[in-house]
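Since every read-out is calculated from the coordinates, none of them should be taken as a lab result. All of these numbers come straight from a predicted model, not from anything done at the bench. Cβ: placed from backbone, ideal geometry, glycine included. Neighbour counts: every protein chain shown.
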Amino acid sequence: MVERQTPVIEMRQISKKFGDFYANKNINLELRKGEIHALLGENGAGKSTLMNMLSGLLLPTSGEILINGQVTEIDSPNKANQLGIGMVHQHFMLIDAFTVLENIILGAEPTSGIGLDKKTSLQKVEELSQKYGLSVDPSALVRDISVGMQQRVEILKVLYRGADVLIFDEPTASLTPQEIDDLMVTMKALVREGKSIIIITHKLDEIKAVADRCTVIRRGESIDTVDVADVTSKQLADMMVGRSVVFTSEKEPANPQGIALDVNELTVTNSAGINVVNNLSLQVHDGEIVGIAGVDGNGQTELVLAINGLMQVDSGSIHFRGQEITNETPRALYELGIGHIPEDRHKHGIILDMPLEENFILKNYYQEPYSKNTFLQFNPITSNARELIEKYDVRTTSEKATARSLSGGNQQKAIIARELKVNPAFLTAANPTRGLDVGAIEYIHEAIIEERDKGHGVLLMSFELDEIMNLSDRIIVMYGGKIVADIPTSETNEQELGLMMAGTPYAEVLKQREKGSVISE
């Protein structure tokens, strides 16, 4: 008889209550040494709450946690660190004005006499970087490095403190496809070295790519734990949502009408003086969805910000239904009927410490019924919030809870609810389903198609190629701040888009298609 190995982590009948609300209820979770264990669930299912108890940020209401078979109380993050447990949070906990090295060693600084021993800490960081393939520049300021690099800093922070159990909370929510691939390689390297990993996610392809087992949570309760190799992505999705999920949106062919958005020879310069949008022209018609595909950093973000009055246009013009809107204010654009789902929800989408119900009226708080004679009308504000919470399934304890208290996915749903509530005449959507589970993605995709079918124009920017292919009627590919292709979705595929996103001219892609070296679909 083979002796069963003692789990490195065992959570038994864990419950967590906030007032009368159960965020977790009698959840069981077991992590084995050297495995990657996925924690799958909808937005607000209780995944992060469960892991916050394992990492010492919260105490369970009931239940027990065993570390290597021993019942243990984890009453602080320091205690978790001492037990070899480290958490890489979804929203990075880094200090922008500090260097990479300073962030990694903060709170665990080695000393020499009365001074800081940076030489020893730098040597240790370089050894960890080389061992796990986590390339960083220790002297760079955090504010100057990419999101993917910031995540490597967070991982090195955990490894620097000697963690054997690593918890990743939605680790790919803000990463580019290449950075996601790099992270998967890093995770596999970590478990080869004997580490154990819990990854909180709702991305089924990532679970299938790296996880050994998966525990599914729905509305705060554990549904099942399965071997990933024995189930399909569809089965995992259905377990997570509690119903059959459709991955591909059904839509009728587009019926484009007049020009809604006309961008002409637009140039936008960043803070370093570089033209990130370079003499770019495009048109979006009423009644069509135009998708922007491209590797992050090729001007898509700046283009969307400029269209929405959040970044200065240096030259060129933007017209909306014949009216020039170049460098107009966000309020003026809202009043013209232009909605915006921003890429960075914390910077441009919500105010974290403001109640959810007030975040729902950020754009129209000064209009009736929410304001009268310059005074806010709280009954209509609350009624509006309750309606949107129910319609968009925003998981929250109350409409008066702060936006900060919501999971990232539910913050995103709140922003989408606000933007679609006012029935915009035109919608710009930048990574609209970032951080959302498959059930929410299905709903949001249907809502975006519905906007198109109302005769409204939609400009969609997404790093998810399957989302671009699924929703767009026409696809624009950006590279180096310019448009390198503008083609109907039906005339291309993901492989061809990938080539163009990497800089291959469309004419060359057509030649490869004719030779049969590109798979045509």
Correct choice for Rg and Dmax of the Cα atoms in Å that was computed from the model, options (i) 24.2, 79; (ii) 26.0, 97; (iii) 25.4, 82: (i)
Likely footprinting exposure, D164, D353, fewest C-beta neighbours within 10 Å first: D353, D164
The chain - charge dipole about Cα centre, Lys and Arg +1 at Cβ, Asp and Glu -1, debye rounded to 20: 1260 debye
Where a label projected 7 Å from the Cα of E64 along Cα→Cβ would reach, residues of the range 26-49 with amide N under 20 Å: 26-32
Karplus-derived 3J(HN,Hα), 6.51/-1.76/1.60, for each residue of the range 203-220, Hz, glycine and proline x: 8, 5, 5, 6, 4, 5, 6, 10, 7, 8, 10, 9, 9, 9, 10, 9, 6, x
Cut-off 13 Å between beta-carbons: net charge of the residues surrounding N270, Lys and Arg +1, Asp and Glu -1: -3
Full-stretch length increase - K124, D453 - with 0.36 nm per residue and alpha-carbon distance subtracted: 112.7 nm
Fewest-first sequence of K16, K413 by Cβ atoms within 10 Å of each Cβ: K16, K413
The range 46-59 - phi-based ³J(HN,Hα) in whole Hz, Karplus 6.51/-1.76/1.60, Gly and Pro as x: x, 5, 5, 4, 4, 6, 5, 6, 5, 9, x, 7, 9, 9
In order through the range 366-379: 3J(HN,Hα) via Karplus (6.51 cos²θ - 1.76 cosθ + 1.60), integer Hz, x for Gly, Pro: 8, 9, 5, x, 7, 9, 8, 6, 6, 9, 5, 10, 6, 5
Part-to-part distance (alpha-carbon centres) for the range 1-78 and the range 439-467, which is given in Å: 36 Å
Separation between Cα centres of the range 275-294 and the range 176-204, rounded to whole Å: 34 Å
Radius 12 Å from Cβ of G148, net charge of other residues (Lys, Arg +1; Asp, Glu -1): -4
Ranking of M501, M149, M354 by count of other Cβ atoms within 10 Å, fewest first: M354, M149, M501
Distant-in-sequence amide H partners of I9 (H built 1.01 Å from N, under 5 Å): L31, N68
FRET efficiency for E73 and R321, using Cβ-Cβ distance with R0 set to 51 Å, rounded to 0.05: 0.25
